[in-house]
Structure formats: structure tokens, C-alpha cells
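Written out below as C-alpha cells is the structure these notes cover.
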Amino acid sequence: MIKGEMVAQAILAGGCFWCLEPVFSQLKGVTQVVSGYIGGHVANPTYKEVCTGETGHAEAIKITFDPTEISYEVLLEIFFLAHDPTMFNRQGHDVGTQYRSAVFYQDDEQHAILQHLLAEYAADNRFGAPVVTEVNKGGIFYPAEDYHQYYYANNPNQPYCLAVAAPKVAKIRAQYADRIKTAG
């Protein structure tokens, strides 16, 4: 198999997409990360509508990756480390259903991997509290407005990015140093 030949997708929600996108964009094997909305009942929602919490959508990212370079299981491990999966409908100061922790699996294999990982986390009480991450079958993913795409890379000195996103990026860089893309 030729490197880069395979393509898979993962959709994850764990608080503000400004924080998750840079965590995954830095990983080897990840070719694209799109910020957007999933899990709601309104077609083509806007950021303003999603922020009300009334559309039912979660802020999420859609990751396109090469499973020969990085596995879905490793993406999930990083996801659970990058946010607090024990917080219900919030991450830090971001409160509301749009900030819930959720995985939108794409097929039976992803579902099985996710269920196995969640069982492992429950068995060893990995996070010191029950994981409240929703498990959902795919669904329609709506890309967010252009200004949300790669927000952290385009606004690294924005106060929210410095206070919330940067520590998550640094944490993953430290714990998964061998999986970080090199510049060049």
C-alpha cells in the first residue's frame, strides 16, 4: 500500500472547535481538519444559531486522516486527553449543549473501537469520574463559516486561543511528540 493512499474521517466534539482543530492539525497522518456543526435539527446552521444552544448542534471537527499513518484509536486517545470527557454540556467556561463531548462514528469498526476504549476507561476509572461523551452514528456535518477554519493558526495571540487552545496544543505536543508534524 502506498503511503497517503487511504483516507478516513473522524468527527469529534469536545468543546469549542477553536481548541480541538489545532490539536489535530498538528498530527502526522492528518490531512485536513474542518470546524463545523453536527447533531442538531436545523439545516445549514450558522454560528450565531448554534451559540443559542437551540439548534441541537455541537461544535465539532471533521478530521480527514490516513489510517496507515495514524489510527482511529490513537485519534480517540488524543481526543479524550485534549478535553474533559467527564463534563456534561460544557468545557471549562464554555457552557451549553453546543460544547458537549461527543463522538460521531462513521462505521461499525469505528463504533467498536470507541466502545472498547470507553469500556477500558470505565474499568480503570481513567478520568476519576464517569465519561459522559455521547456516542452517535455519523450524521450531517455542516462546515462552519470561513473565519472559524484554522482559527488558532490565524489568530494565535487572541486571548481565548492563548488561554484555552494553546495549553491543549502544548499538552498533546508533549505527550505525543513522535506524532507531531515537522515544519518544512
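Details
- Verdict on I113 being of a type in the set (V, I, T), surrounded by fewer than 19 Cβ atoms within 10 Å (Cβ to Cβ) and assigned to a helix (DSSP H, G or I): yes
- Total residues in region 56-85, condition farther than 23 Å from R173 by Cβ and either among the aromatic types (F, W, Y) or assigned to a loop (DSSP other than H, G, I, E, B) (or both): 2
- Selection count where residues are surrounded by 17 or more Cβ atoms within 10 Å (Cβ to Cβ), of a type in the set (S, T, N, Q) and assigned to a strand (DSSP E or B), scope region 10-53: 1
- E134 being surrounded by fewer than 12 Cβ atoms within 10 Å (Cβ to Cβ), closer than 20 Å to L76 by Cα and modelled with pLDDT of 95 or more: no
- Residue match in region 73-95 (condition: buried (at least 20 other Cβ atoms within 10 Å of the Cβ) and among the hydroxyl-bearing types (S, T, Y)): no
- Residues in region 127-146 that are in contact with a helix residue (DSSP H, G or I) (Cβ under 8 Å, 6 or more places away or on another chain) and of a type outside the set (A, V, I, L, M, F, W, C): P130, T133, K137, E145.
- Test result for Y160, in contact (Cβ under 8 Å) with a residue 12 or more places away in the chain and farther than 20 Å from A10 by Cα: yes
- Matching option when the condition is without any contact (Cβ under 8 Å) to a residue 12 or more places away in the chain and among the small types (G, A, S), among A129, A123, A82: A123
- Among the candidates Y160, Y150, the residue that is touching a helix residue (DSSP H, G or I) at 6+ places or on another chain (Cβ under 8 Å) and either among the charged types (D, E, K, R) or on the phi > 0 side of the Ramachandran plot (or both) is uniquely Y150.
The values are calculated or read from the model by the stated rules, or taken from the named source; none is laboratory data. These numbers come from a predicted model, not from an experiment. Because the Cβ atoms are built from the backbone with ideal geometry, glycine has one as well, and the counts that use them run over all protein chains shown.
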